[in-house]
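The values are calculated or read from the model by the stated rules, or taken from the named source; none is laboratory data. Given the structure is predicted, the values throughout are model-derived calculations rather than measurements. In this analysis, Cβ positions are derived from the backbone assuming ideal geometry, glycine residues included, and neighbour counts consider all displayed protein chains. Only protein heavy atoms, including side chains, enter the accessible area calculation; ligands, DNA and RNA are left aside. Shrake-Rupley method; radii C 1.70, N 1.55, O 1.52, S 1.80 Å.
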Amino acid sequence: MKNYLQQTPVVVLLALVSCALWGSAFPVIKIGYAALSIQKTDTASQLLFAGSRFFLAGIIATVAGSIAAKRVLVPRSVPSVIRIICLSLMQTVIQYIFFYIALAHTTGIKGAILESLNIFFSILFAAIIFRMEKLSARKLLGCFIGFAGIILVNLAGSGQMQNLDMHFTLTGEGFLIISTIGSAFASILLRIFSRYDNPVLLTGWQFVFGGAVMAVAGYFTGGRLTFPSVQSVFLLLYLSLLSAVAYSLWSILLKYNDVSRVTIFGFMNPVFGVILSALLLGESNTLRDWRIPAALVLVCAGIIFVNGKKRQPAC
């Protein structure tokens, strides 16, 4: 199984499936907010919605993982519980609470671009702080090329360079950076913790814990959810399912591969997000923008740079 999950075609396929699912979350969340009448400024209801989604995702991941493993996936020791809580604080609570607050205090373009910094942080932290892998010029170049693609894809159809000003606020850009740091640490912790626990167990239970914390926080700060139609229920179920599947696949890849090899694919998230938003939200004009294919080329080039092996000199 280990050798199979380290093969390049398998890594590429599973990583792209995860990124496509995450990318679909962007338009589906927008549709969900409209279906549930959640306003852009209603952070409490957004937290409640996200918490409910992640709590259900945790249940789905745990049940599916238990069926696949032919045993009930539950933490069986105090260290396992501690690992789940630490992972949940980084991956669900810190990342998403700071993210939702930040989006109310910055532009969408800046938010999407800054959120992609988690890939830089993941690779830097893995190499410099945790000494898990080497930091090479090739990896850094791949990150910069991919990041250039993220800037392009977020300017597609808008050309609003004024939204990339140097304005900085703690609750806006500052909270976004904190969110990306939480995401980066989560990837590294998942890689470390999966040495001791099943990665799907970690993913499922951290979602249950983190989702519950977010839902409670959203409810007691005034958030409310109403489901006026069957469609709104299915939207929540789909978002829960995609999180369960995407994070489970991602956690399995991180268990058997270097952090940089997997996280670099995260640059595909906003690319899929823009393309799927155009298809699902009727924003077809965006796909005619030259920046979309250019961004895809840059992101793919960045992924190839990071995953490419340095040629050994001939003897």
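Data table
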{"read-out": "Ranked order, Met268, Met90 - accessible area, probe 1.4 Å, largest first", "value": "Met90, Met268"}
{"read-out": "The chain: Lys pairs at Cα distance under 22 angstrom, eight or more positions apart or on different chains", "value": "15"}
{"read-out": "Contact order relative to length of region 188-315, as percent, for alpha carbon pairs under 8 angstrom and 6 or more apart", "value": "28 percent"}
{"read-out": "In Å, descending, principal axis extents of the Cα set of region 1-72", "value": "47, 30, 16"}
{"read-out": "Share of carbon and sulfur in the accessible heavy-atom surface of region 189-315 [1.4 Å probe, %]", "value": "67 percent"}
{"read-out": "The chain: calculated mean residue ellipticity at 222 nm from DSSP helix runs of at least 4, using -39500 (n - 2.57)", "value": "-22500 deg cm²/dmol"}
{"read-out": "Cα lying deepest toward the dipole's positive end in the chain, options Gly65, Ser243, Thr226, charges on Cβ", "value": "Gly65"}
{"read-out": "Charge-dipole axis of the chain as Lys and Arg at +1 and Asp and Glu at -1 on Cβ define it, positive-most pick from Gly172, Trp290, Leu117", "value": "Leu117"}
{"read-out": "Mean Cα-pair separation over length for region 185-252, i.e. relative contact order, pairs under 8 Å, 6 or more apart, %", "value": "54 percent"}
{"read-out": "Residue-normalised accessible area of region 171-315, expressed per residue, 1.4 Å probe, Å²", "value": "45 Å²"}
{"read-out": "Relative contact order, percent, the chain [alpha-carbon distance under 8 Å, six or more residues apart]", "value": "40 percent"}
{"read-out": "Accessible carbon and sulfur surface of region 28-106 relative to its total accessible area, %, 1.4 Å", "value": "71 percent"}
{"read-out": "Surface accessible to a 1.4 Å probe, per residue, for the residues of region 52-95, Å²", "value": "49 Å²"}
{"read-out": "Where labels lie 7 Å past Cα in the beta-carbon direction, separation of Ile67 and Arg131 in nm", "value": "4.4 nm"}
{"read-out": "Bins of 5 Å, starting at 0 and running to the largest distance - Cα pair percent for region 188-308", "value": "2, 9, 12, 15, 16, 16, 15, 10, 5, 1"}
